[in-house]
Amino acid sequence: MDSLVASREFAHEGKFVEALKRLDASSINRSQQFEAEVLRADLLEQVGRHGESRALVQRLLKSKQLTATDHSTCESVLGRIEGEEGSTSSAIVHLQRALSFAIEAKDLRLTCWSQLRLFIALANGSGPNSATPLLAELRANAIKLGDPQISAALHIYVGETEAKRGFLKRALWHTRMGQQLLSAAPNVWLEATAENAQICIAVLRSDAHAGMKHAHEGLGLSEQSGRAAGRRALLGNLGNVLFLLGRFDEAVDYFNGAIAALPSAGENCNANLDSLARVRLTQGLTEECGRILDRIDESIQTPNDKALFAHRYAQLTRVQLLERQEQFEQAFEGMKSVESLANRSADRLLCYMALLTKAELLQQSGRHSEWNATLDLIVQNLSNSSPDLHAHYERILACALAAD
């Protein structure tokens, strides 16, 4: 088999390390050299070698051989790298360019991938409602294309978006649908991504047994894939399962391992830092918790980036730290920001967590009529919420009764 074709086959199966090895070990025909270099730039980003990938893309973009398809791939690579480095606005610009060139090339599969990556970037900061027209176009194109991998990826990432907002039933349905579709067109990267989504759902349901099972399956698939960002996400979520179990030191090891798997100044790395801060807060190590949260704050490049998933939850962790330090006025100010971010991103889960934290603040600061009214806002919605939120609600009531 032609070495370039073989490398593309491995990439199509989500086996990025194997694809890069095959490309590096083979001699490529001169006529295919440029095409191979575009593929190499994509693969280098996938395995986490971002510096090499960026340098190669910048060289390729100067070439007169660049087709619209090649240009789309290069812009997509730059968009993913910019996102990892915390330059969200720049990332979105590159992803928009990638979509424009894919449409120009009349490559429907590439158009679908470009639309999906852009949807993820937009929904993460402003909520899925802001990207509804794009999602509608993507669904129509996916149906027209009839590619099971594209359809699976669409379901898996929509499921991830729903899980982040606390809609767990919808998230689980989409994730399982994606996994079913992959049985017809296996892809270990997407299979690992689906397992990662299952871990998130399990953690939100306080189901540590299921979370551990999906984490080990996901890590096995991640090893086959070699996608650095995927391995980081799985290690971090395994840390969240261990945190749920109260195995704090092991959780810290996994969070640190996740950060080391693909260090960056972006939101994905900051998600692990926030988890690490929450462990330290639980352990009563408030100074260390504060230093970690400061590190996250320092990495945020624009005010709009505060709305990104990991950053808005880090704001809640900051409020909980201020509560622990009995700095109630500062905590109330921080809570206003959290509530604004939750509403802006249509994040139902964060809205509920913010209301419970606010009620706890009001109760601890002696504002009894207000905390009772705040609890009334959430009690009707608890039936469809996670066990953790139920536990938080009962804890607030128990503390109020004890104080009374």
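Numerical summary
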quantity: Any hit, region 262-273, residues being touching a Lys or Arg at 6+ places or on another chain (Cβ under 6 Å) and touching a residue at least 60 places away in the same chain (Cβ under 8 Å); calculated: yes
quantity: Set Ile296, Ile292, Ile300: member being in contact with a His (Cβ under 9 Å, 6 or more places away or on another chain) and at pLDDT 95 or above; calculated: Ile296
quantity: Considering residues of region 1-52 that are small (Gly, Ala, Ser) and in contact (Cβ under 8 Å) with a residue 40 or more places away in the chain only, the residue farthest from Ala233 (Cα to Cα); calculated: Gly14
quantity: Qualifying residue in region 68-77 (condition: within 25 Å of Ala265 (Cβ to Cβ), crowded, with 22+ Cβ neighbours inside 10 Å, within 18 Å of the chain's Cα centre (by Cα) and of a type in the set (A, V, I, L, M, F, W, C)); calculated: yes
quantity: Candidate set from region 271-281 (those that are within 20 Å of Ser87 (Cβ to Cβ) and touching a Gly at 6+ places or on another chain (Cβ under 8 Å)); member that is most open to solvent (accessible area, probe 1.4 Å); calculated: Ala271
quantity: Scope region 157-174; condition touching a residue at least 40 places away in the same chain (Cβ under 8 Å), of a type in the set (A, V, I, L, M, F, W, C) and open to solvent by less than 20 Å² (accessible area, probe 1.4 Å); matching residues; calculated: Ala163
quantity: Any hit, region 48-61, residues being over 20 Å from Gln96 (Cα atoms), more than 24 Å from the chain's Cα centre (by Cα), open to solvent by 40 Å² or more (accessible area, probe 1.4 Å) and at pLDDT below 95; calculated: no
quantity: Hey, Asn196 open to solvent by less than 20 Å² (accessible area, probe 1.4 Å), in contact (Cβ under 8 Å) with a residue 12 or more places away in the chain, of a type in the set (S, T, N, Q) and not in a loop (DSSP other than H, G, I, E, B) or not; calculated: yes
quantity: Residue check for Arg232: open to solvent by 20 Å² or more (accessible area, probe 1.4 Å), among the charged types (D, E, K, R) and in contact (Cβ under 8 Å) with a residue 24 or more places away in the chain; calculated: no
quantity: In region 314-341, the residues that are aliphatic (A, V, I, L, M) and open to solvent by less than 20 Å² (accessible area, probe 1.4 Å); calculated: Ala314, Leu316, Val319, Leu321, Ala331, Met335, Val338, Leu341
quantity: Leading residue by the ranking (nearest to Asp388 (Cα to Cα)) among those in region 175-193 that are open to solvent by 20 Å² or more (accessible area, probe 1.4 Å) and of a type in the set (A, V, I, L, M); calculated: Met177
quantity: Flag if Gly159 is at positive phi and not basic (Lys, Arg); calculated: no
quantity: Region 229-267, residues that are part of a loop (DSSP other than H, G, I, E, B), closer than 23 Å to Pro387 by Cβ and either among the aliphatic types (A, V, I, L, M) or in contact with a strand residue (DSSP E or B) (Cβ under 9 Å, 6 or more places away or on another chain) (or both); calculated: Leu245
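Residues are listed down the side, and each one gets a yes or a no for (1) farther than 27 Å from Thr132 by Cβ; (2) basic (Lys, Arg); (3) under 24 Å from the mean Cα position of the chain (by Cα):
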position: Leu66; (1), (2), (3): yes, no, no
position: Gly86; (1), (2), (3): no, no, yes
position: Ala98; (1), (2), (3): no, no, yes
position: Glu104; (1), (2), (3): no, no, no
position: Leu108; (1), (2), (3): no, no, no
position: Gln115; (1), (2), (3): no, no, yes
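So that you can scan it fast, the table gives a plain yes or no per residue for (1) modelled with pLDDT under 85; (2) open to solvent by 60 Å² or more (accessible area, probe 1.4 Å); (3) more than 25 Å from Thr161 (Cα to Cα):
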site	(1), (2), (3)
Arg344	no, yes, no
Ala359	no, no, yes
Gly366	yes, no, yes
Glu370	yes, yes, yes
Ala373	yes, no, yes
Ile378	yes, no, no
Ala400	yes, no, yes
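The values are calculated or read from the model by the stated rules, or taken from the named source; none is laboratory data. If you're wondering where the values come from, they're calculated on a predicted model, not measured in any experiment. Heads up, the Cβs are rebuilt from the backbone with ideal geometry, glycines too, and the neighbour counts pull from every protein chain shown. Note: accessible area is taken over every heavy atom of the protein model, side chains too, but ligands, DNA and RNA are not part of it. Shrake-Rupley method; radii C 1.70, N 1.55, O 1.52, S 1.80 Å.
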